[in-house]
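Structure, as structure tokens:
The values are calculated or read from the model by the stated rules, or taken from the named source; none is laboratory data. Please read these numbers as outputs of a predicted model, since none were measured by experiment. In this analysis, Cβ positions are derived from the backbone assuming ideal geometry, glycine residues included, and neighbour counts consider all displayed protein chains. For the accessible areas, the whole protein counts, side chains as well, though only heavy atoms, and no ligand, DNA or RNA atoms are used. Shrake-Rupley method; radii C 1.70, N 1.55, O 1.52, S 1.80 Å.
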Amino acid sequence: MTPERKESIVRNWYKFSAGGASVVGLIIVIVIIILAIFAPIIAPYPEDAGAVVKFSESKLPPSSKHLMGTDTMGRDVFSRLLFSLKGTLLMGVLVLAISVPIGFIVGVLAGYYRDTWIETVLMRIVDIFLSVPALVLALAIASIMEPNLRNSMIAITIMWWPWYARLTFGVVSSLRTENYITYAELTGAGLGHIIVKEFLPNTIDQILTKMTLDIGYVIIMGATLSFAGLGEQPPIPALGNMINDGVKFLPDMWWLTIFPAVTIILIVLGFNLVGDGVGNIFNVEGN
Amino acid sequence: MLLFKSIMKRLASSIVVLLGLTIVIFALMKAVPGDPARLALGPNAPEEVLEHYREVNHLNEPIPVQYFYWLSNAVQGDFGTSSYTQRAVSQDIKDFAPATIELVIWAGIPPLFVALFLGVISAQHKNKWPDYLTRFLGYIFVATPTFVFAVLFILIFGYWLPVMPTIGGRLSPQFTIAPVTGMYIVDALIGGQPAAAWDAFLHLLFPALALSLGKTMQEARITRASMLQNADKDYITMVTSQGVPKKIVNRRFLLKPSVIPTVTVMGMDFASLFGNAFLVERIFNWPGLSSYGMNAILNKDSNAVVAVVLIIGLAFVGTSIVVDIVAMILDPRMRQARTR
């Protein structure tokens, strides 16, 4: 590692950790990822992630044997919670991994062909998708497909790319008339070259910041669809469907609801704090 | 004049967007698997009846033709019949809309002032306890999905500290309120029933809080950030150095430019309340448009889904126009930006 590289890492870490909250967020995120990966090993009752019935152990409050109690079928809530983490994280990562490149390409094309019909068509399409609350159309889209994790991800992806198209368009359309872009065009650089070598480096800071802040929101929306019954289906555990199951048994079996609820809050909090730290590195204001 | 021209341009582009939205929604409706005639009339309907239904509803026409039939009906407020309630969708919407409007107004407008207040307090006491407390709660509330707020409120305020009517709805059954505006609290006060108004308020309070807490804290955060940013500007240094008291500097010179970003965000948040209301209304048994829409989605009642999505899109676009106009009035620079 060169000294300059090392110095830049140290400087970025200093900016990231300013204030301390982002470090807490990073720790939360790392712990969640580890728990998600090693769920089959850590979970005290790994078989409880499926359709198991243990009547003798049903409806037990939290104890040393069942840290977060058991549900009506006698399954260990803690074990089910651990198994739900993987789907939750996949939701956040995959939706962005697909919607960000799509949004970037649409935004960069609209920005490059500013003031032509291409901009008009592309940005009007973006406006259409931004003209309804994302959750409403995502629910409607998810409802016409078979309910499962993959389809809920598709529904959210359809509603998510326009934000990145608008962000990229904003940056690119203001860079469009810069001298170095004109220079690249005059020296014969192709569109692909200009996008990758000129526009991408200039938008990546804002995109990365928005992505880290968005993971939490995507997870919230995924959990919301799952709560509505349009995500992962029982017996597969997901944070949203666990809360939905638990609501019927309030207030007596409060542990069915409280633990998944707190878990969602912690995960989203962790990613939001990390997002703030990433924003500090790039000097980009969140939202 | 510039303001008027900007507003007209804004309206024109909104109409294009709304037309586009109708195409998306119509495509969505056509993507629902299964025969629409069969879905509407049930599994036992004979073939002649199905064929008659298709003929009457233009279902044998090509898709673009069907779209124009549908659109011309929709523009006149005819969205067909709901397969779930077996009534005209437009009638359902008329019945359910006031509850949602009441909820969204209470969840949208008073929290704005709370957000501005918290943001200003937080900025003026930067890195002291009011600031830390606001920011700490902000992080937690922003990370909490609205449906989680709703569920936690039912547990905490419905059962543990029973201040909230747990059955939900808009009003306890012993009260009846004569409809005037459709908003129960206002109507009860007009009708001289303070007890009913209080009861309606208790029913409304927790759904409204569940909808607004996260947004409020986010708006507070944006206000704080822009207050701090503007406080470093030269013109503030200038008025301060001229000996203008700090109170007047804050109120007259700092607050207005700092409020503009909050107003813009607040408008979008206000519009997105219609979306978040989907689950909150359902959890609190709030008889509004959103819980009607949610039921329609879960029962694959496509006429009703389409109508609700379209109405919400209309409300969303309308709100963002109003917000843009307010922003243009507050900030002359915005008028330039919009005319391009």
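Can you give the accessible area of A:Ser64 in Å² (nearest 10), computed on protein heavy atoms with a 1.4 Å probe?
120
Could you list log10 I(q)/I(0) for chain B at q = 0.11, 0.12, 0.14 Å⁻¹, which the Debye formula gives when each Cα is one point scatterer?
-0.89, -1.02, -1.22
How large is the dipole of chain B about the Cα centre if only Lys and Arg carry +1 and Asp and Glu carry -1, each at its Cβ, rounded to the nearest 20 debye?
Here chain B has a charge dipole of around 1980 debye.
Assign unit charges at the C-beta atoms only (+1 for Lys and Arg, -1 for Asp and Glu), then state the dipole size of chain A relative to its Cα centre in Debye, rounded to the nearest 20.
I would put it at about 260 debye.
Which FRET efficiency, nearest 0.05, do A:Trp13 and B:Ala195 yield, Cβ-Cβ r, R0 56 Å?
0.40
Just by accessible area at a 1.4 angstrom probe, what is the order of B:Asp131, B:Asp95, A:Asp205 from largest to smallest?
B:Asp95, A:Asp205, B:Asp131
Calculate the dipole size of the protein assembly as shown relative to its Cα centre from +1 charges on Lys and Arg beta carbons and -1 charges on Asp and Glu beta carbons; express the result in debye to the nearest 20.
1940
Over region B:89-338, what is the mean sequence separation of C-alpha contacts under 8 Å (at least six apart), divided by residue count, expressed as relative contact order in percent?
With pairs under 8 Å counted, the relative contact order is 27 percent.
Could you tell me what percent of the accessible area of region A:126-251 is made up of carbon and sulfur, with a 1.4 Å probe and every protein chain present?
Result for region A:126-251: 63 percent of the exposed heavy-atom area is carbon or sulfur.
Could you report the accessible area of B:Lys246 in Å², rounded to 10, computed with a 1.4 Å probe on the protein chains as they sit in the structure?
It works out to around 150 Å².
Evaluate the distance, in nm, between pseudo-label points positioned 7 Å from the Cα of A:Ser174 and of B:Asp95 along their respective Cα→Cβ axes.
Going from the A:Ser174 label point to the B:Asp95 one covers 5.1 nm.
Per residue, what accessible area does chain A have, given a 1.4 Å probe and all protein chains present, in Å²? Don't skip to the end; give the middle numbers.
On the way: 12730 Å² over 287 residues.
Normalised by residue count, the accessible surface of chain A is 44 Å².
Which one, A:Asn241, A:Asn12, A:Asn179, has the greatest fluctuation when you compute a Gaussian network model over chain A with C-alpha springs under 10 angstrom?
So, out of A:Asn241, A:Asn12, A:Asn179, the one fluctuating most is A:Asn179.
At 1.4 Å probe size, what's the solvent-accessible area of A:Thr182? Round to the nearest 10 Å².
60
Out of the total accessible area of chain B (probe 1.4 Å, heavy atoms of protein only), what percent is carbon and sulfur?
67
Pop out the ³J(HN,Hα) list for region B:21-37 in order, Karplus 6.51 cos²θ - 1.76 cosθ + 1.60 with θ = phi - 60°, rounded to Hz; leave Gly and Pro as x.
Working through the residues one at a time gives 4, 4, 5, 4, 5, 5, 4, 4, 5, 5, 7, 4, x, x, 7, x, 5 Hz.
So how much accessible surface do A and B hide from each other in total, probe 1.4 Å, in square angstrom to the nearest 100?
About 3800 Å² of accessible surface is lost on pairing.
DSSP loop (so not H, G, I, E, B), at most 16 other Cβ within 10 Å: list which chymotrypsin sites (Phe, Trp or Tyr not before Pro) in region B:149-250 pass both filters. Present the calculation step by step, with values, prior to reporting the outcome.
Details: sites: B:Phe149, B:Phe153, B:Phe157, B:Tyr159, B:Trp160, B:Phe175, B:Tyr184, B:Trp198, B:Phe201, B:Tyr235; in loops: B:Phe175.
Those that pass, being in a loop and sparsely packed, are B:Phe175.
How do A:Arg150, A:Arg176 stack up against each other in accessible area, from largest to smallest, with a 1.4 angstrom probe?
A:Arg150, A:Arg176
For chain B, modelled as a GNM with alpha-carbon contacts under 10 angstrom, which of B:Thr237, B:Thr181, B:Thr264 fluctuates the most?
Most flexible of the set in this elastic network: B:Thr237.
Going through the cross-link list A:Lys59/A:Lys248; A:Lys210/B:Lys233; A:Lys59/B:Lys300; B:Lys128/B:Lys247; A:Lys6/B:Lys126, which pairs have a Cα-Cα distance over 24 Å in this structure?
In this structure, A:Lys210/B:Lys233; A:Lys59/B:Lys300; A:Lys6/B:Lys126 exceed 24 Å between Cα atoms.
Using the Karplus equation 6.51 cos²θ - 1.76 cosθ + 1.60 (θ = phi - 60°), what ³J(HN,Hα) coupling, rounded to whole Hz, does each residue of region A:229-238 give in order, writing x for Gly and Pro?
Taking θ as phi minus 60°, the curve returns x, 10, x, 4, 9, x, x, 5, x, 9 Hz for region A:229-238.
Exposed loop GluC sites (Glu not before Pro) only (DSSP loop, at most 15 other Cβ atoms within 10 Å): please give the longest stretch of chain A free of them, not including the sites. Provide the component values of the computation, followed by the final result.
Details: sites that count: A:Glu178, A:Glu285.
Segment A:1-177 is the longest.
With each label point set 7 Å from Cα along the Cα-Cβ vector, what nm distance links B:Asp232 and B:Val244?
2.1
Which of rounded, prolate or oblate describes region A:140-287 when judged by the alpha-carbon gyration tensor and an a/c cut-off of 1.5?
Prolate shape, in that a/c is at least 1.5 and a/b is the bigger ratio.
Quick one: Karplus J couplings for region A:222-228, per residue in order, coefficients 6.51, -1.76, 1.60, θ = phi - 60°, nearest Hz, x for Gly and Pro?
Residue by residue, region A:222-228 yields x, 5, 5, 4, 5, 4, 6 Hz.
With a ≥ b ≥ c taken as the square roots of the eigenvalues of the C-alpha gyration tensor of the protein assembly as shown, please select rounded if a/c is under 1.5 and otherwise prolate if a/b is larger than b/c or oblate if it is not? Spell out each step's value before the answer.
On the way: a/c = 1.28, a/b = 1.14, b/c = 1.12.
In terms of gyration-tensor shape, rounded.
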